[in-house]
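As C-alpha cells, the structure follows; a few thoughts come after it.
The values are calculated or read from the model by the stated rules, or taken from the named source; none is laboratory data. Because the structure is a prediction, the values reported are computed rather than measured. Backbone-built Cβ (ideal geometry, glycine too); neighbour counts: all protein chains shown.
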Amino acid sequence: ITGAAQADVALLVVDATRGEFETGFESGGQTREHALLVRSLGVSQLCVAINKLDTVGWSEKRFLEIASKLKLFLMKQAGYQERDVTFVPCSGLTGENLTGPPTEQELKQWYTGPFLLQVIDKFKVPERPVSKPLRISVNDVFKGTGSGFCISGRVETGMVQAGDKVLVQPQNVTASVKGITIEEVSTPSAFAGDSVSVTIAGYEQQNMAVGYVLCDPQFPIPVTTRFQARIVLFNITVPITKGFSVILHQQSLVEPAIIAKLVAQLHKSSGEVMKRRPRCLTRNTSALVVLETSRPVCVELYQDVKELGRFMLRVGGATIAAGLITKVL
C-alpha cells in the first residue's frame, strides 16, 4: 500500500492462464483488490500487462476475453477513464512484447499495438505542487551513518533544502534537516514528487514514527482525531453502521479508526444528498461520514493537497472503501 501511495502510474500484471485469471478476478481475488487500491490512492494511468499469453498459444480470443472483463470493471467500478488504460499482451518468461515489437508469428498476426516499454514511456508525468507549503510523509525511520538519523519518504508538496527547519507533526516539535539524498546521491534540495532520505537533527529518533509528516513551520499540516469525508464503499459483505471499526490507510499512515457518524448517503456520480442520517450503508454506495481516530493524525483537505486528502479503509485485510477528506473537525 505504501508503494501504491507513492506511485504516479500503475502496471497491473494479470495471468492469462486458463483458470488463473478467473481466480484472481472473481469476488475476493487480488486483481480487483489491487486495481481498486491504486485507483483509490489517486493513480489514474494504468497499463494492464496480460502475461503468460504464450500458455494459450497467443490466442486473440483469450486476450479480448480478459481485456473486456477487466475494461468493464475498471471503467464502471474502479472509475478509470478509457483513454488512461492500455492492454498489452506479453510473456515475462520469453520476453515477448516487453522491450521490443512482437516476434512470435501467432501474436504478430493480430496484434499491432505498442510493446510494454512504449506504453510506460508514454505515461504523462503529473504536475507537481511545488509552490505549496512543504509536506513530507514519513515511510521509514532508520539510523544513518553519521550523527542524527534518517527518514525516508516522499515530498508531497513544496520543496526542502539542507539546513531547513521543519515541524514534525502530529508531535508539533521542530527539527533540522542536515542532509538530503535521492537514490543514495546527496543533493542540496528536493521538490514535490521526489522520494527522498532526509537526515534529521535536533529530534529524538524514538519519537519519530511512520505516518508522521514533516512540514513548513509557518504553515503546519492540520492535526485532528475527527474529520468528515466522502467515501465510496466497495463490494462489502456486512452493512456499515455507526461505530463500525476500520483501519485507516493514508499514504504510509496505518491507524485504527471508527466510523463515528453517518451524515448522508450520496448519489454515486453527482454527489447529491439522497438520504440524510442513514441507519446503515451497503455495498457500492457513496456517503458522507465522520471518522474518528484514537490518536491525532495529520490530514489535509482533498481540495488542498490531494496526496494527503485521500485514504482507504480496510477491514480484515480487505479494502472496503476509498475516501476524500472534506472537512477537519
Query raised in the report: Consider R276 against the criteria (1) closer than 17 Å to L329 by Cβ; (2) modelled with pLDDT of 90 or more: it satisfies all of them except one. Which criterion is unmet?
Result: (1)
Report summary line: Flagged pairs (Cβ under 6 angstrom, 6 or more apart or on separate chains; first in segment 35-46, among the hydroxyl-bearing types (S, T, Y); second crowded, with 19+ Cβ neighbours inside 10 Å and at pLDDT 75 or above) are S40/M312; S40/A322
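Yes/no per residue for (1) touching a helix residue (DSSP H, G or I) at 6+ places or on another chain (Cβ under 7 Å); (2) without any contact (Cβ under 8 Å) to a residue 24 or more places away in the chain; (3) among the β-branched types (V, I, T); (4) surrounded by 15 or more Cβ atoms within 10 Å (Cβ to Cβ):
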site	(1), (2), (3), (4)
E272	no, yes, no, no
K275	no, yes, no, no
R283	no, no, no, no
L291	no, no, no, yes
R295	no, no, no, no
Q303	no, yes, no, no
L308	no, no, no, yes
Query raised in the report: Do we find a residue being assigned to a loop (DSSP other than H, G, I, E, B) and over 28 Å from E33 (Cα atoms) anywhere in segment 113-128?
Result: no
Report task. Identify the single condition in (1) surrounded by fewer than 19 Cβ atoms within 10 Å (Cβ to Cβ); (2) at negative phi; (3) modelled with pLDDT of 90 or more that C215 does not satisfy, given that it satisfies every other one. Result -> (1)
Query - Those residues of segment 259-303 which are over 13 Å from K327 (Cβ atoms) and touching a Phe, Trp or Tyr at 6+ places or on another chain (Cβ under 8 Å), in sequence order - result: I259, R283, N284, C298
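Could you tell me how many of the residues in segment 275-324 are part of a strand (DSSP E or B) and either small (G, A, S) or farther than 25 Å from F73 by Cα (or both)?
So the first thing to find is which residues in segment 275-324 are part of a strand (DSSP E or B), and the list is 275-276, 281, 286-298, 310-315, 318-324.
Next cut, either small (G, A, S) or farther than 25 Å from F73 by Cα (or both) only: 275-276, 286-287, 289-298, 318, 321-323.
Residues that pass the stated criteria total 18.
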Query raised in the report: Just to be sure, is F244 modelled with pLDDT of 90 or more and farther than 30 Å from Q77 by Cβ?
Result: no
Report task. Looking for whichever is buried (at least 18 other Cβ atoms within 10 Å of the Cβ), in the same structural domain as F311 (by the TED database), within 20 Å of S137 (Cβ to Cβ) and not acidic (D, E) here; the options are S252, S197. Which one fits? Result -> S252
Requested in this report: Identify all residues within segment 190-247 that are under 23 Å from the mean Cα position of the chain (by Cα) and charged (D, E, K, R); write none if there are none.
Outcome: D194, R226, R230
Query raised in the report: Taking T94, is it hydroxyl-bearing (S, T, Y), more than 30 Å from V210 (Cα to Cα) and either surrounded by 12 or more Cβ atoms within 10 Å (Cβ to Cβ) or more than 27 Å from the chain's Cα centre (by Cα) (or both)?
Result: yes
